[in-house]
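Note sheet for the following structure.
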Amino acid sequence: MFTLTVTDRHGVVYCGYIRKLMPLECWRLQGFTDEQFNKVKATGMSDAQLYKQAGNAVTTNVIEALAKYILDIEKENTNG
């Protein structure tokens with residue numbers, strides 16, 4: 001594992017080095033499509049703002065998985 005500094009919070013290990021994630025990669029991790037990212041990028045928004053938007057997004061894939069899990073538990077409790 002590695003530690004990222006305050007000035008570089010978005011990184012992955014690549015060939016033994018820490019590589020900063022690109023804004024598109026951050027958006028993908030949040031479940032956005034490339035088309036959605038490209039529309040926002042086309043407005044001329046800075047990378048700093050793109051990182052902020054990705055960081056402030058709710059990861060809908062995770063929320064959906066949690067909701068399904070909760071529903072499964074409720075079904076078990078109702079049936080048993």
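Straight-line cross-link partners of Lys39 among the lysines, defined as a Cα under 20 Å from its Cα and at least 8 positions apart when in the same chain: Lys52.
I need the fraction of alpha carbon pairs in the chain separated by more than 19 Å, rounded to a whole percent. Display every interim value, and only then the final one.
Numbers: 1709 of 3160 pairs.
Within the chain, distances greater than 19 Å cover 54 percent of Cα pairs.
Please report, ordered by residue number, every helix of the chain (full DSSP H runs) that is 15 Å or longer along its axis going by C-alpha atoms and whose mean Kyte-Doolittle hydropathy reaches 1.0. Correct list, ordered by number: empty.
A short reminder: the numbers here are calculations on the coordinates, not readings from a lab. Model, not experiment: these values are computed from the prediction.
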